[in-house]
Each structure stands twice: as C-alpha cells, then as structure tokens.
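Before any comments, here is the structure.
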Ligand SMILES: Cc1ncc(COP(=O)(O)O)c(C=O)c1O
C-alpha cells in the first residue's frame, strides 16, 4: 500500500466488538485475567495496551520496519536508545543537536560512565577522525535544529558499519513522509512525535524504530521496566494525527518554500537557512536524500535586539517552543530551545543571538507573510 493508505489504516482496523472505525481509548490501568496465567494479550498498561500497540504498528510501517516503541516524549525515547550503551562506551553526536539531547548527554548520562563528543556529522573526515576504539554509536540529526545542516545518511551509515557502530537518526524534522533513514542504512530512527507525526500541538510523544531484533527486544525491556511508554489518550491523539501526515507535510513543504523565498528577498534578513533554497550549501544533497524540504527554517537578523523586536511584534506567528504543528511557531533558539548549550559552544555551531527559527504551519502563506511584514516594519 502507499504511504497515505498505511498512515490511515495500519493499526486502525475497525474495533471487532462494535465495528467502531476509530479504535476506542482503552483508558484502563489493568486487565482482568480469565484465569491464573491466561489473559487476552494485555495485563497492565505500563507494559502495553491496545492504543500503544496500534500506534507502534503504524509508526514502524511508515519508517519501513517491523519494530517500533512509543514513549511519553521524544526525550524519553532517545534516553531509552542511549541505554543500549554500557559504561565506558563512547558516542558521537551531531554538533548542532537539539538542546535537550545536549543536556541529557552532557549533564546526566555523563555521570553514568558514558563518553560523548559532538562533531559536524556532515563532514565525514571529521566524523572519522573522532572515532575511538570504544565508539559504539553515532547519533545524527538531519537537518539539524536550528542550523539546518544536512548529513549524508548513506555515507555515515557506511562508515558506521565498517567500524561496527550503530547509526541512530533523529527524523523529527522531516517525518517519514520526506525522509526514510532506514532505507539509507540507519539502524535506529527516533522521533519527537510531539512534532509532525502528531501535528496538532495537543500531545507529546516519542518513537524509536529499530532494525535489529536484539535492539528491539532491549528497547521493549526498557520501555516496560522504566515505565515511560506512551499513555492511551496520547497514543489515540498521535494515531489520529498521523492519518493526515501526508497532506499536512505537502502543505508544510509548500508554505516552507514560500516563506523561505520571501525571507531571502527581505532587506532586513542577513541570511536564510533552508535546505530547499539554492543558496543552501547542501541543497543538492538534500534533494537526493529527502523527498521534500519541509517547513523548518532559520534566518539571521544580525542582533538579539532586532530578533526581539520581530518576535515581540508578530501576531499570527506564535512565539513558542516546539515545532511541527499546524500553527506557525516562531522562536529564538539562543534563549529558548538551545539555552542549555553554553554561549561559546552555541556561537561555534552557528546559533547566533539574532538567529530566529520558524516552524511554518499550514495556514495561508499570504497571511503569514503579511504578519511577518508588519512585524519587520517595527524592526
Ligand atoms: C529534533 C528534536 N528531537 C527531539 C526532541 C525532543 O522531543 P520532546 O520534546 O518530544 O521530548 C525535539 C524537541 O524539540 C526536537 O526538536
């Protein structure tokens, strides 16, 4: 079946007892057993429940795999993946990785005997040079948040596998509609489902999709042992959101291109970073690797003051963290999503104080441009 058909139907078969086309929300913590040792496939909601199973089947299918596990947030899923490592193991991450991943690794997991370092994963030579004898995992975000650097997944997968290293790709920014890292060689894909997969800014969630049965078994063990599996209501919401993923992504992509072109022409904008623009240094590679460019873009206004004026004067674009919802969100990474990264490191990786991030929603593009135009007049 095609992507849209799978997104609507996998895991969403009519409910057998009543024929309901939308699966009910199994809002229950426990399941009554017929007799000792005989249940109907579920025993306790931390371990599993029908809404989670349905969502996991769908997400696995969309990323082209058998096994997926869903968590309370993207960070909970990513944390579970990092627990595949053991004390003494080393991991290399994209240097402009999401601020929460930087915090989790450098402030928390480092105390559990894990070693991390951050390199520009779009540069294969630098990545290769950073490999140590104990390197067990590459963690790549592509495009990166918010610097929009694109990493060549197939090339990094080849390098990883030649050294017996697992490649994990965060596919949040593009969703499986525009990019399928496993088909390019990734071993594990993670998502913040809070973003495009749900798409309606009304639930948080994370997903881990796995190619190796032994990793899948371990992640399921972590999910049921540590207890961060996604709850029934949230699974229901994300499952509902995924049904419109394909049409939303098409519209996000069209709006993203229009806004990027508008911003690139604007005299008050110093630089626009969007892989869909010819001016993006990795435009050709993005075109090869991705089926679309999505709706995440960043632009530099040159100073914190100019950025602040813009953010204080937008009306339709909402000043908020997060991304990937139907509503357009605008943010200042240096003071918001990436504030946990030290200022010198932020600057080194290109997150300047005047860098504004836009998650372009699916409103009418003309209305978004009009809103930005009136806000620019006050900058
Ligand atoms: C690329 C990326 N990965 C992971 C996360 C973490 O997801 P969550 O906020 O659902 O924990 C985020 C959050 O913004 C993100 O942007």
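What follows is calculated from the coordinates using simple rules that are stated; it is not laboratory data. Just so it is clear, the structure is predicted and the values come from calculations on it, not from any experiment. Please note: Cβ atoms are built from the backbone with ideal geometry, for glycine as well, and neighbour counts cover all protein chains shown.
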- Query: What is the gain in length, in nm to one decimal, between residue 46 and residue 21 on full extension, counting 0.36 nm per residue of separation less the C-alpha to C-alpha distance?
  - Reply: 6.5 nm
- Task: Could you work out which residue, out of 291, 61, 107, moves most in a Gaussian network model of the chain, that is, has the largest mean-square fluctuation with Cα springs under 10 Å?
- Result: 107
- Compute the long axis of helix 232-242 from its Cα atoms, compare it with the longest principal axis of the Cα atoms of the chain, and write down the angle in degrees, 0 to 90, nearest 10. 50 degrees
- Note on the structure: Computed over the chain: longest principal axis from alpha-carbon atoms vs helix 213-226 long axis, angle to nearest 10 degrees, is 90 degrees
- Nitroxide proxy distance, nm - points 7 Å out along Cα→Cβ at residue 345 and residue 111: 1.6 nm
- Item | Estimated distance in nm for a label pair at residue 35 and residue 123, the labels positioned 7 Å out from Cα along Cα-to-Cβ | 6.8 nm
- Please give the helix 365-376 orientation as an angle from the longest Cα principal axis of the chain, in degrees from 0 to 90, rounded to the nearest 10. 50 degrees
- Task: Can you tell me the order of 371-377, 209-215 when each peptide is scored by its average per-residue count of other Cβ atoms within 10 angstrom, highest first?
- Result: 209-215, 371-377
- Item | Alpha carbon convex hull of region 101-234, volume per residue in cubic angstrom | 132 Å³
- Starting from the Cα of residue 287, step 7 Å along the direction of its Cβ; do the same at residue 132; then give the gap between the two resulting points in nm. 4.1 nm
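If you count, for each residue, the other Cβ atoms within 10 Å and average over each peptide, how do 166-175, 182-191, 133-142, 120-129 line up from highest to lowest?
Packing proxy ranking, top to bottom: 166-175, 182-191, 133-142, 120-129.
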- Task: Among DSSP beta bridges lying fully in the chain, give the percent that are antiparallel, nearest 5.
- Result: 55 percent
- In nanometres, the difference between 0.36 nm per residue of separation and the alpha-carbon distance of residue 9 and residue 161 is 51.3 nm
- Query: For region 5-119, what does the equivalent ellipsoid look like in terms of its semi-axes, each the square root of 5 times an eigenvalue of the Cα gyration tensor, given largest first in whole Å?
  - Reply: 36, 19, 11
- Message: When a/c reaches 1.5 or more, the comparison of a/b and b/c decides; with that in mind, is region 268-364 rounded, prolate or oblate per its Cα gyration tensor?
- Response: oblate
- Taking a ≥ b ≥ c as the square roots of the Cα gyration tensor eigenvalues, with a/c under 1.5 meaning rounded and otherwise prolate when a/b beats b/c or oblate if not, region 90-172 comes out oblate
- Query: If you take the Cα Rg of the chain and divide it by 2.2 N^0.38 Å, with N the number of residues, what do you get?
  - Reply: 0.99
